[in-house]
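Asker: Could you have a look at this structure, given as C-alpha cells, before my questions?
The values are calculated or read from the model by the stated rules, or taken from the named source; none is laboratory data. Model, not experiment: these values are computed from the prediction. Note that each Cβ is placed from the backbone with ideal geometry, even for glycine, and that neighbours are counted across all protein chains shown. Note: accessible area is taken over every heavy atom of the protein model, side chains too, but ligands, DNA and RNA are not part of it. Shrake-Rupley method; radii C 1.70, N 1.55, O 1.52, S 1.80 Å.
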There are 2 protein chains.
Amino acid sequence: LSAMAFELRDRDLLGRIGRLNTKGGAVETPAFMPVINPVSQVVPPRRMREEFGCEIVITNSYIIKKHFSEQQELKVHQLIDYDGVITTDSGAYQILVYGGVETSPDEIIRFQQSIGSDIAVILDIPTGWNVPREKVEWTVEETLRRAEAALPLIEGDDTLWVGPVQGGAHLDLVERSAQRVGKMPFPIHALGSPTEVMENYRFNVLVDMIMAAKRNLPQDRPLHLFGAGHPMMFSLAVALGCDLFDSAAYALYAKAGRYLTTLGTMKLKDLSYLPCSCPICRKYGADELKGMFKGERVKALTEHNLHVTMAEMETVKQSIVEGTLWELMEARSRGHPALASAMKGLYKHRGFLERGSPSYKGRGVFIFDSVGLARPEVTRHLRRLEQFIPSVRQNNLVLISAPPKRPYNKTQEYKSLARRLKKELGDDSERVQICFYSAPFGVTPAELSETYPLSQYEISDPPDIETFVFTAENVATFVAEADCKNVTLVRGDDELDRWVTARCEDVCEEKGREIEVISRPDAWSEETIDELLSILKRNGKGEA
Amino acid sequence: LSAMAFELRDRDLLGRIGRLNTKGGAVETPAFMPVINPVSQVVPPRRMREEFGCEIVITNSYIIKKHFSEQQELKVHQLIDYDGVITTDSGAYQILVYGGVETSPDEIIRFQQSIGSDIAVILDIPTGWNVPREKVEWTVEETLRRAEAALPLIEGDDTLWVGPVQGGAHLDLVERSAQRVGKMPFPIHALGSPTEVMENYRFNVLVDMIMAAKRNLPQDRPLHLFGAGHPMMFSLAVALGCDLFDSAAYALYAKAGRYLTTLGTMKLKDLSYLPCSCPICRKYGADELKGMFKGERVKALTEHNLHVTMAEMETVKQSIVEGTLWELMEARSRGHPALASAMKGLYKHRGFLERGSPSYKGRGVFIFDSVGLARPEVTRHLRRLEQFIPSVRQNNLVLISAPPKRPYNKTQEYKSLARRLKKELGDDSERVQICFYSAPFGVTPAELSETYPLSQYEISDPPDIETFVFTAENVATFVAEADCKNVTLVRGDDELDRWVTARCEDVCEEKGREIEVISRPDAWSEETIDELLSILKRNGKGEA
C-alpha cells in the first residue's frame, strides 16, 4: 500500500489536480475512467487512449472472471488491449443489481491481483436507494468488515486498493463509514451508491453525501465517486473534492440514442442541430447522424459522448488552475434546477469549503447572486474581520458607504477625506478608523482595501435581497461587536444603504450601543463630509 | 428589393430560425458571418464553407475598392474564392476608426453592385461611444438621409440592401432611427455601434439598444447586429431578435493569442488545459499549442475560435427548436456578472418579450431564480389570469397552498377535496372555485392545472425572496380583484405561505375585502379540510 501514491499539484475549492502513481504508470486527476466492457466494446480502449486522451479506464473483474477465467496467465491489460492504467471493479455493482454474486470477497481480491490490475476494489456491499435503515447499517458494517478482512491479503501489494464508503443518503452512516475505513491503510477511497441519487436529480443529497464522506476521510487520499460520469456534474463533484469518476453512460446512452452535453442529456431524435463543437458534431449534421445505420450511429454517438466527457474534465482542470471552478459550477448549474438547488445548499458547507480552499488564486471573483455568498473568499473575509475588531478599540469608528471604484482607499473620494481628517483633526485623526461597506463582503477597513479579493471582484447589479440582508447583517455584527468609543454611520440613498442602516440601528438598540447616522442622498458629497468632520471634531474633543 | 427574402421557420422568445433568400443562395439564420480580410486570410473562405459550415461570410467593399479596383470585371466571389453568400460592408467601420473614408455613399453603393455582393450595406455613419448628443443626432440623421438617398440607386436591384439603425446608447434616438429606416423598403436592417458597448461589458445597455431598435423595426425583416461575434453573447442577442452577426474577433483574437469560449475569452498563455471539445483542442494539448511556431499557432487558434463560434450558433438554433433558449442564456450569463445583470434587466422588457414569443414549445420550463420571472410563460399566465377573474363571480373563492405534485387537480389531495365538496355541499359545490397558489406562477385555478406550463415546470428550491414577493403580490392582486362573495385562504406553514398570507391580508384590508384564513401546519390535512368545509357550508347557507 503506497503512501506516496497521490501527489497534489494544484487546488481550487476542495478540487485538486493530482498525480496518482500506480504500478502501471502515473495518472493525472481529476480523471474520468470510461467503463470498458471486456466482452464487447464500441470504441476500443487503445483508441480511447490514442484519440481521446484516456490515460485510465475501469473494467469489471467479476465479469472477466466469469467469461475468461479458463484462460492461462490471464492479464487484464492484454485482455482489453490497453497499455494505460487499469482499475478493476469487484462485482459490487452486480450485487446491487442482481442481489448477489458468485464469488467471495477473498477470491475476487486474489483474482484482481492475478490479472494485474493497477487499481482494484474490494467486494463491498453497495447501500442502494430507498432501503430501510437496518439494511443500510448492515451494508456499512459488512463493507467495513470486508475492508478489515482484506488488509492481510493486500498487504505489500503494489496494486492500489480502494476502500469504499457506504451509507447512501443516511449521512450519519456515511460519516461512520468514512471515519472507520479512513483509519485503514487504503491509498484510495470511494463513495458508493450515488447513481440513483444522480438519476433522480437529487444533487442536493449528493452534495451532502460527498461532504459527509469528505469531512471524515484523510484529505491526502484520492476519492472516487462510484458510477458518476455525466459531464454536467463534474465541476460540482470535483469542487467538493472528488478525484476519480467512472461510468458506462457514454456508451449505454449512445446505444439508447442519447446525446450528452455539459448541461444535460438530449435525445438524438429531438436534435435538429448538433449543439457541440466536437470532431463528430463538426463533421456531421444532425440529419446525417440520424440517417446512419444503427451500428455506425451508435459508434458516432459513443465518440461524441466520450469527447464531451473528456473535454469537460479538461475544462474542470483548467478552471482549477485559474481559480474559476466556482464560476464553472454556476454555469453548469443552469443545466437543471436541481443542480442550482445543490449550489444553494453549499451555504451550509461554507465553513468546510473555506478551510479546505487555497487562500489566493489571483483571479477576480465573480458574484452573480446570493449563491456566491457561500464562496470561500466571502467566508474567509468575514473570519479575518473578526480578528480585525480589537484594532478598532479606543477609536472613533466611521462606517461609510463604499465609493463607486475599487480599491476604495485609492479613490479621490477617500483621499480627499483622509487629507481633511489629517488637516482638521491633527493627532486626533489617528483615532479615527474608517471602514467602507459594500455588497457582498460587508465591511472593508480602509487599510485592507487592497487585500484580495476586496478590490478584485465583480458583482452582478443589482444584488438580490438575500445579498442585501447578508451584507447588512454582517455590517451590523461588526458595529455591535466593535470595541470602540463612538460609531458614525455615513449613508447614501441606495437600497444597500437602507438595509444596512435599518439593521445597524436595530442591533445597536439591542446591544445598547450609541450610533450616529448621517443620512444624505450622496454619502461622499462635500456637505456629508463636512457633517462627518464636525461630528468627529466634537467626539475628538470629548476625549482630549 | 425582395419582400419575400426572409421566411421564418421556427421561433423561441424573440429568436427565430429563418431562411434568407439571396441571389447567391439561401442562408439559414441566425448566422454568424466571419469577417474575411480580402488582403490576407489565415483560413481561406473555401475551407470555411467546406470544413466549418460557414454558408455566409462578410468582407469589406471599401478595402476591396482600395486594393483591387484596377482589376477588370472584379467579382467578390472570385476575389475571395468563395461560392457561398457574401455580404459586403461599406467602409462605415473605417469612418468610425479613422474619422472618414475616401469614397462617397453613391460610389460605394455602385461598387458593391458591380462586384456582385449578395447582401450589401449603404455607407452609414456609426454613432460610436461617449459621443455628445448633438453628434449622435447627426449620425442618426445623416444615416437616415443616406438611406433615403440610396433608395433610387438600389431600386430593382437583386442585391439585398441593409438599412442601418444608429443612435448608440441614446435609446430615444435608436427608436427614432429604427422607426424611420423601418418605413423604407430595406429587406434587412442592422444595429450599429454595439462593439464598444460589448467591449466594455455593458450588456445591459446592449439589451436596451437592441430592444429599442427591435420594437420599432418591421418584425419580418432580419436584424443584423454589426460587429458582434463573441459566442458568449449569441444566445442573448438571438433571444432579443438578432438574426445576423459578424466579427473578425475569431481571427484578430487568435493573432493576439486569445482563445474564445462560450463563457468568455482566455489567453493561451494562461491555459494549462484546453477547455473545449473542438477538433483542434481534442487533437493538441495546451503545451503543444503554446510550443508551436507563431504562424502554425495562430492558424490553430483561429480554427479553434471559428469552431467554437460556429458550434455556439448551432447550439442556439437547437435551443430555439427545443424552446430552451432562455435556459441557454442563463447558462451563458455565468460567463460574466455583466451578462447576469443584462438578464436581470430583461424584466422591464417582459411585456414585449411575451407578445413576440411563441405560446407553446411543449418543453418544461426551468426556473432557477427570480431572473426567470421575466419569462414569457410567467407573463402570459398572469395576463391569462386577468381574463379568468370574471368566472369567479358569485362564487366562494378558495385559495389553497398547492399540493406537492403536479398537475394539482390530479393529486389525491385535490381529488379527495373535490369528492367531499360534491358530497357535503351538493349543488352548492358548483359555487366553490378552488385555486391553488405556488411559486412562481401565483394562482392556478383548479380547472387550469393542466394548462401549459402550469404542470410542466421545475423550480430550483428554495425560491429566492424576490420570487416569494412576486408570487405573493400576484396572489394578493388576484384576491383583491376577484369579483366573488367570500374568500377563504388555506395556508400551511412554509415560507411562501407566510408571504402570501401577509400580502393578501394587507391588500384585502386596503380594498375593504373580507378574507378568512385557515392557518395550519399542513394545508391538506384532514383537520384543515374539515375546517374549510364547515366554512363553505356556512357560506353556502347564507346564499341559499
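Asker: Among the residues of the range B:21-71 satisfying the criterion of being closer than 24 Å to residue B:91 by Cα and small (Gly, Ala, Ser), which is farthest from the chain's Cα centre (by Cα)?
Answerer: Per the criteria, the residue is B:69.
Asker: On to the next question. Just for the range B:442-483: of the residues that are assigned to a loop (DSSP other than H, G, I, E, B), within 14 Å of chain A (Cβ to nearest Cβ) and open to solvent by less than 40 Å² (accessible area, probe 1.4 Å), which one is nearest to residue A:462 (Cα to Cα)?
Answerer: B:464
Asker: Go through the range B:113-170 and count every residue that is open to solvent by less than 10 Å² (accessible area, probe 1.4 Å) and either farther than 30 Å from residue B:205 by Cβ or among the basic types (Lys, Arg) (or both).
Answerer: Result for the range B:113-170: 5.
Asker: Looking only at the range A:516-544, count every residue that is in a strand (DSSP E or B) and either among the charged types (D, E, K, R) or modelled with pLDDT under 95 (or both) and tell me the total.
Answerer: Of the range A:516-544, the ones in a strand (DSSP E or B) are A:516-519.
Then keep just the ones that are either among the charged types (D, E, K, R) or modelled with pLDDT under 95 (or both); that gives A:516.
Qualifying residue count for the region: 1.
Asker: Next question, about the same structure. Being more than 12 Å from chain A (Cβ to nearest Cβ), hydroxyl-bearing (Ser, Thr, Tyr) and open to solvent by less than 50 Å² (accessible area, probe 1.4 Å) is the requirement here; does residue B:309 meet it? Steps first, answer last, please.
Answerer: Working: more than 12 Å from chain A (Cβ to nearest Cβ): no; hydroxyl-bearing (Ser, Thr, Tyr): yes; open to solvent by less than 50 Å² (accessible area, probe 1.4 Å): yes.
Criteria not met by residue B:309.
Asker: I would also like to ask the following. For the range A:504-515, what are the residues that are in contact with a helix residue (DSSP H, G or I) (Cβ under 6 Å, 6 or more places away or on another chain) and either buried (at least 18 other Cβ atoms within 10 Å of the Cβ) or assigned to a strand (DSSP E or B) (or both)?
Answerer: A:504, A:507, A:515
Asker: If you don't mind, another one. Checking residue A:251 against (1) in contact with a helix residue (DSSP H, G or I) (Cβ under 8 Å, 6 or more places away or on another chain); (2) at the interface with chain B (Cβ under 9 Å from one of its Cβ atoms), only one condition comes out false. Which one?
Answerer: The failed condition is (2).
Asker: Look at residue A:251 and say whether it is more than 23 Å from residue A:340 (Cα to Cα), over 12 Å from the mean Cα position of the chain (by Cα) and among the hydrophobic types (A, V, I, L, M, F, W, C). So that I can check it myself, show each step before the final result.
Answerer: On the way: more than 23 Å from residue A:340 (Cα to Cα): yes; over 12 Å from the mean Cα position of the chain (by Cα): yes; among the hydrophobic types (A, V, I, L, M, F, W, C): yes.
So residue A:251 passes the test.
Asker: Then there's this: State whether the residues of the range A:83-90 include one that is over 21 Å from residue A:25 (Cα atoms), open to solvent by less than 10 Å² (accessible area, probe 1.4 Å) and not charged (D, E, K, R). I'd like the intermediate steps shown before the answer.
Answerer: Keep residues of the range A:83-90 that are over 21 Å from residue A:25 (Cα atoms), which gives A:90.
Still in the list and also open to solvent by less than 10 Å² (accessible area, probe 1.4 Å): A:90.
Next, from what is left, pick out any that are not charged (D, E, K, R): A:90.
Within the range A:83-90, one or more residues are over 21 Å from residue A:25 (Cα atoms), open to solvent by less than 10 Å² (accessible area, probe 1.4 Å) and not charged (D, E, K, R).
Asker: Would the range A:356-379 turn up any residue that is under 30 Å from residue A:538 (Cα atoms) and either open to solvent by 20 Å² or more (accessible area, probe 1.4 Å) or within 11 Å of chain B (Cβ to nearest Cβ) (or both)? If you could, list the steps in order and put the result at the bottom.
Answerer: Of the residues in the range A:356-379, the ones under 30 Å from residue A:538 (Cα atoms) are none.
Within the range A:356-379, none of the residues are under 30 Å from residue A:538 (Cα atoms) and either open to solvent by 20 Å² or more (accessible area, probe 1.4 Å) or within 11 Å of chain B (Cβ to nearest Cβ) (or both).
Asker: While we're looking at this one, here's another question. Which one of these does residue B:348 not meet: (1) more than 27 Å from residue B:248 (Cα to Cα); (2) part of a helix (DSSP H, G or I); (3) touching a residue at least 40 places away in the same chain (Cβ under 8 Å)?
Answerer: (3)
Asker: Listed residues B:390, B:358; which is at pLDDT below 95 and under 15 Å from the mean Cα position of the chain (by Cα)?
Answerer: The unique qualifying residue is B:358.
Asker: Only one of A:57, A:85, A:76 is over 25 Å from residue A:152 (Cα atoms), touching a residue at least 24 places away in the same chain (Cβ under 8 Å) and not polar (S, T, N, Q). Can you tell me which? Steps first, answer last, please.
Answerer: Values: A:85 fails: over 25 Å from residue A:152 (Cα atoms); A:76 fails: over 25 Å from residue A:152 (Cα atoms).
Only one candidate passes the filter, namely A:57.
Asker: Which of (1) within 18 Å of residue B:376 (Cα to Cα); (2) facing another protein chain (nearest Cβ under 7 Å) does residue B:323 not meet, given it meets every other one?
Answerer: Of the numbered conditions (1) within 18 Å of residue B:376 (Cα to Cα); (2) facing another protein chain (nearest Cβ under 7 Å), the odd one out for residue B:323 is (2).
Asker: Condition (residue is more than 14 Å from chain A (Cβ to nearest Cβ) and surrounded by 24 or more Cβ atoms within 10 Å (Cβ to Cβ)) applied to the range B:280-300: is it met by at least one residue?
Answerer: Checked against the condition, which is being more than 14 Å from chain A (Cβ to nearest Cβ) and surrounded by 24 or more Cβ atoms within 10 Å (Cβ to Cβ), the range B:280-300 yields no hits at all.
Asker: Could you identify the single residue in B:98, B:93 that is farther than 17 Å from residue B:37 by Cα and open to solvent by 30 Å² or more (accessible area, probe 1.4 Å)?
Answerer: Working: B:93 fails: farther than 17 Å from residue B:37 by Cα.
Among B:98, B:93, only B:98 is farther than 17 Å from residue B:37 by Cα and open to solvent by 30 Å² or more (accessible area, probe 1.4 Å).
Asker: Scan the range B:97-148 residue by residue and report those that are of a type in the set (A, V, I, L, M) and either on the phi > 0 side of the Ramachandran plot or outside any helix (DSSP H, G or I) (or both).
Answerer: B:101, B:119, B:120, B:121, B:122, B:123, B:125, B:131
Asker: Restricting attention to the range B:90-122, and to residues there that are of a type in the set (Ser, Thr, Tyr) and over 10 Å from residue B:161 (Cα atoms), which single residue is modelled with the highest pLDDT?
Answerer: Among them, the one singled out is B:114.
Asker: I would also like to ask the following. Looking at the range A:49-77, which of the residues that are part of a strand (DSSP E or B) and either of a type outside the set (Ser, Thr, Tyr) or within 22 Å of residue A:233 (Cβ to Cβ) (or both) is modelled with the lowest pLDDT?
Answerer: Step one: list which residues in the range A:49-77 are part of a strand (DSSP E or B), which gives A:56-60.
Checking which are either of a type outside the set (Ser, Thr, Tyr) or within 22 Å of residue A:233 (Cβ to Cβ) (or both) leaves us with A:56-58, A:60.
Details: A:56: 98, A:57: 98, A:58: 98, A:60: 95.
Looking at residues that are part of a strand (DSSP E or B) and either of a type outside the set (Ser, Thr, Tyr) or within 22 Å of residue A:233 (Cβ to Cβ) (or both), I get A:60.
Asker: With respect to residue A:51, is the statement that it is within 14 Å of chain B (Cβ to nearest Cβ) and open to solvent by 70 Å² or more (accessible area, probe 1.4 Å) true? Spell out the reasoning first.
Answerer: Details: within 14 Å of chain B (Cβ to nearest Cβ): yes; open to solvent by 70 Å² or more (accessible area, probe 1.4 Å): yes.
It is true that residue A:51 is within 14 Å of chain B (Cβ to nearest Cβ) and open to solvent by 70 Å² or more (accessible area, probe 1.4 Å).
Asker: What single numbered condition from (1) modelled with pLDDT of 95 or more; (2) in contact with a Ser or Thr (Cβ under 9 Å, 6 or more places away or on another chain); (3) over 22 Å from residue B:50 (Cβ atoms); (4) not in a strand (DSSP E or B) fails to hold for residue A:227?
Answerer: Checking residue A:227 against (1) modelled with pLDDT of 95 or more; (2) in contact with a Ser or Thr (Cβ under 9 Å, 6 or more places away or on another chain); (3) over 22 Å from residue B:50 (Cβ atoms); (4) not in a strand (DSSP E or B), the one that fails is (1).
Asker: Test each condition in (1) at pLDDT 95 or above; (2) surrounded by 21 or more Cβ atoms within 10 Å (Cβ to Cβ) for residue B:264 and report the one that comes out false.
Answerer: (2)
Asker: Restricted to the range A:380-400, and to residues that are in contact with a Gly (Cβ under 8 Å, 6 or more places away or on another chain) and part of a helix (DSSP H, G or I), which residue is surrounded by the most Cβ atoms within 10 Å (Cβ to Cβ)?
Answerer: Taking the range A:380-400 as the starting set, the residues that turn out to be in contact with a Gly (Cβ under 8 Å, 6 or more places away or on another chain) are A:381-382, A:385, A:396.
Cutting the leftovers down to part of a helix (DSSP H, G or I) gives us A:381-382, A:385.
On the way: A:381: 22, A:382: 18, A:385: 20.
The qualifying residue surrounded by the most Cβ atoms within 10 Å (Cβ to Cβ) is A:381.
Asker: Test of understanding: among B:19, B:46, B:11, which residue is part of a helix (DSSP H, G or I) and at pLDDT 95 or above? Even if it seems obvious, please write down each step before you answer.
Answerer: Working: B:19 fails: part of a helix (DSSP H, G or I); B:11 fails: part of a helix (DSSP H, G or I).
None of the other options fit; the residue is B:46.
Asker: Let me ask another. Considering only the range B:486-503, state which residues are of a type outside the set (S, T, N, Q) and either farther than 24 Å from residue B:429 by Cα or open to solvent by 30 Å² or more (accessible area, probe 1.4 Å) (or both). Steps first, please.
Answerer: Just the residues of the range B:486-503 that are of a type outside the set (S, T, N, Q), to begin with: B:487, B:489-500, B:502-503.
Those that are of a type outside the set (S, T, N, Q) and either farther than 24 Å from residue B:429 by Cα or open to solvent by 30 Å² or more (accessible area, probe 1.4 Å) (or both): B:491, B:493, B:494, B:495, B:496, B:497, B:498, B:499, B:500, B:502, B:503.
Asker: Can you find even one residue in the range B:375-385 that is of a type outside the set (A, V, I, L, M), under 30 Å from residue B:529 (Cβ atoms) and at pLDDT below 95? Even if it seems obvious, please write down each step before you answer.
Answerer: Just the residues of the range B:375-385 that are of a type outside the set (A, V, I, L, M), to begin with: B:375-377, B:379-381, B:383-384.
With the extra rule that they be under 30 Å from residue B:529 (Cβ atoms), the set shrinks to B:381, B:384.
Still in the running and at pLDDT below 95: B:384.
Among the residues of the range B:375-385, at least one is of a type outside the set (A, V, I, L, M), under 30 Å from residue B:529 (Cβ atoms) and at pLDDT below 95, which makes the answer yes.
Asker: Sticking with this structure for a sec: Within the range B:202-219, is there a residue that is assigned to a loop (DSSP other than H, G, I, E, B), surrounded by 20 or more Cβ atoms within 10 Å (Cβ to Cβ), out of contact with any Lys or Arg (no Cβ under 7 Å at 6 or more places or on another chain) and modelled with pLDDT under 95? Before the answer, list the steps.
Answerer: Taking the range B:202-219 and keeping what is assigned to a loop (DSSP other than H, G, I, E, B), we get B:202, B:217-219.
Pick out the ones that are also surrounded by 20 or more Cβ atoms within 10 Å (Cβ to Cβ) and you get B:217.
The next check asks that each one be out of contact with any Lys or Arg (no Cβ under 7 Å at 6 or more places or on another chain); those that pass are B:217.
Next, from what is left, pick out any that are modelled with pLDDT under 95: none.
No, there is no match, as no residue in the range B:202-219 is assigned to a loop (DSSP other than H, G, I, E, B), surrounded by 20 or more Cβ atoms within 10 Å (Cβ to Cβ), out of contact with any Lys or Arg (no Cβ under 7 Å at 6 or more places or on another chain) and modelled with pLDDT under 95.
Asker: Of the residues in the range A:254-275, how many are out of contact with any Leu (no Cβ under 9 Å at 6 or more places or on another chain), free of Cβ contacts under 8 Å to residues at least 40 places away in the same chain and within 11 Å of chain B (Cβ to nearest Cβ)?
Answerer: Residues meeting the conditions: 4.
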